[in-house]
Amino acid sequence: MTTFKSRDIISIKDFSKDELLYLLDLSGKVENGDHSALLNGRILANLFFEPSTRTRLSFESAMRRLGGSVIGFDEVESTSTVKGESLSDSVKIIEGYCDVIVLRHFWEGSARLAAESVDIPVINAGDGANQHPTQTFLDLYTIMKTKGGLEGLNVGFLGDLKYGRTVHSLAHALSHFNSKMYFISPPTLKMPEDIIDELNEKNVSFVELDSLEEISKEIDILYCTRIQKERFADPIEYEMVKGFSRLSKPLLDELGVKKDLKVLHPLPRVDELDSSLDTSPYGAYFQQARNGIPVRKAILLSVLGAIS
Ligand code: CP
């Protein structure tokens, strides 16, 4: 297995099954251990060109809890990008101020470009509609913890599968674990062709649907996503699909889902998850968000070579 030290975290496709399992195992050790001084003196740069609550703050919290410190920005307007500085130039400069870069940017491929421009590790915190690999690590960690393993699960993906970068990354990752996948979306927000082609090439079992009803009794995990208004070029297209799914505890009970079904969501939610799910046995999304801490601690410790 390739070492994680000095490694960029750009796409979940860059990781083998063994590497995914290694990082998940390390996350468990980190969650249960004390590593509070291992990153003393190290600096993380959080470069957020798009809004974020969970990813930015959990990376910051993870770094500080490991003894490190954090610099960065969360709005483009306060940076020299507005004067015309390129992303490549910006990260080359910032490389001199820190040990690791966490980047969220609206361009697909931005994290790869940044990683090619610098010698320190770059962690992709979401590049447009493309990938969000650290979210996928924490999604897998949550599935593993709630279901006791990753192999052979029936996983429903519900909502915006076209623009939802978290579902793109997760579908790829689960393809290593004999999952059967159900892609449930409006016709205009189906999984992109390249992901469908990849799953076909790998002989992964999947079905595309436009409603949850017919497979509701089969699934072990239901991964919901928000219909992302900000990704639509045409507001009319958004109006036609908003409110596509509204899950609630009474609805899932009525559909006869498995008693141990877990509902995940990368959050933020708008109206797709009713609050009746929050404290129900189905709702695992708040736990999922909290799992960002051990998983991002494990990622920082390993790419900075502080643990193996
Ligand atoms: N899940 C996620 O990426 O949330 P944020 O956009 O708040 O970081």
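The values are calculated or read from the model by the stated rules, or taken from the named source; none is laboratory data. For clarity, every value in this text was computed on a predicted model and none was experimentally measured. When we count neighbours, we look across all protein chains shown, and the Cβ atoms used for this are built from the backbone with ideal geometry, even at glycine. Surface accessibility is based on the protein's heavy atoms, side chains included, excluding ligands, DNA and RNA. Shrake-Rupley method; radii C 1.70, N 1.55, O 1.52, S 1.80 Å.
Site pair residue 116 and residue 269 shows an inter-label distance of 4.0 nm when each label is modelled 7 Å from Cα along Cα→Cβ. Computed extension length for residue 203-residue 82: 39.0 nm, one decimal, from 0.36 nm per residue of separation with the Cα-Cα distance subtracted. A simple rule links phi to the HN-Hα coupling: the Karplus curve 6.51 cos²θ - 1.76 cosθ + 1.60 with θ = phi - 60°, which for segment 273-281 gives 10, 6, 5, 5, 7, 4, 9, 7, x Hz, with x for Gly and Pro. Of interest is the spacing of the C-alpha centroids, which for segment 1-29 and segment 243-308 amounts to 22 Å.
Helical content of the chain, expressed as a calculated mean residue ellipticity at 222 nm, amounts to -10500 deg cm²/dmol (DSSP H runs of 4 or more residues, -39,500 (n - 2.57) each, divided by residue number, nearest 500). Projecting the Cα atoms of 196, 206, 264 onto the dipole axis of segment 133-289, where Lys and Arg carry +1 and Asp and Glu carry -1 at the beta carbon, places 264 farthest toward the positive end.
Would you mind working out the accessible area per residue for the chain, using a 1.4 Å probe, and quoting it in Å²?
With all protein chains present, the chain gives 42 Å² per residue.
In terms of overall dimensions, the C-alpha atoms belonging to the chain reach 56, 45, 39 Å along their principal axes, ordered largest to smallest. Other residues within the sphere of radius under 15 Å centred on the Cβ of residue 64, judged by their own Cβ, net out at +2 (K and R +1, D and E -1).
Across segment 159-173, rounded Karplus estimates of 3J(HN,Hα) from the backbone phi angles (6.51 cos²θ - 1.76 cosθ + 1.60, θ = phi - 60°) give x, 8, 8, 7, 9, x, 5, 5, 6, 5, 5, 5, 4, 4, 4 Hz, Gly and Pro being marked x. Of the solvent-accessible surface of the chain, computed with a 1.4 Å probe and all protein chains present, 48% belongs to carbon and sulfur. Between residue 5 and residue 251, the simple spin-label model (points 7 angstrom out along Cα→Cβ) gives 5.0 nm. Using a Förster distance of 30 angstrom, determine the FRET efficiency expected from the C-beta separation of residue 36 and residue 14, and round it to 0.05. Working from the Cβ atoms, E equals 0.55.
From most to least packed by mean Cβ count within 10 Å, the peptides 55-67, 5-17 give 55-67, 5-17. Residue ranges 120-128, 212-220 sort as 120-128, 212-220 when ordered by packing (mean number of other C-beta atoms within 10 Å per residue, highest first). With a cut-off of 16 Å, note down the residues of segment 152-172 whose backbone N falls inside the zone around a label point 7 Å from the Cα of residue 240 toward its beta carbon. Label zone hits: 160-163.
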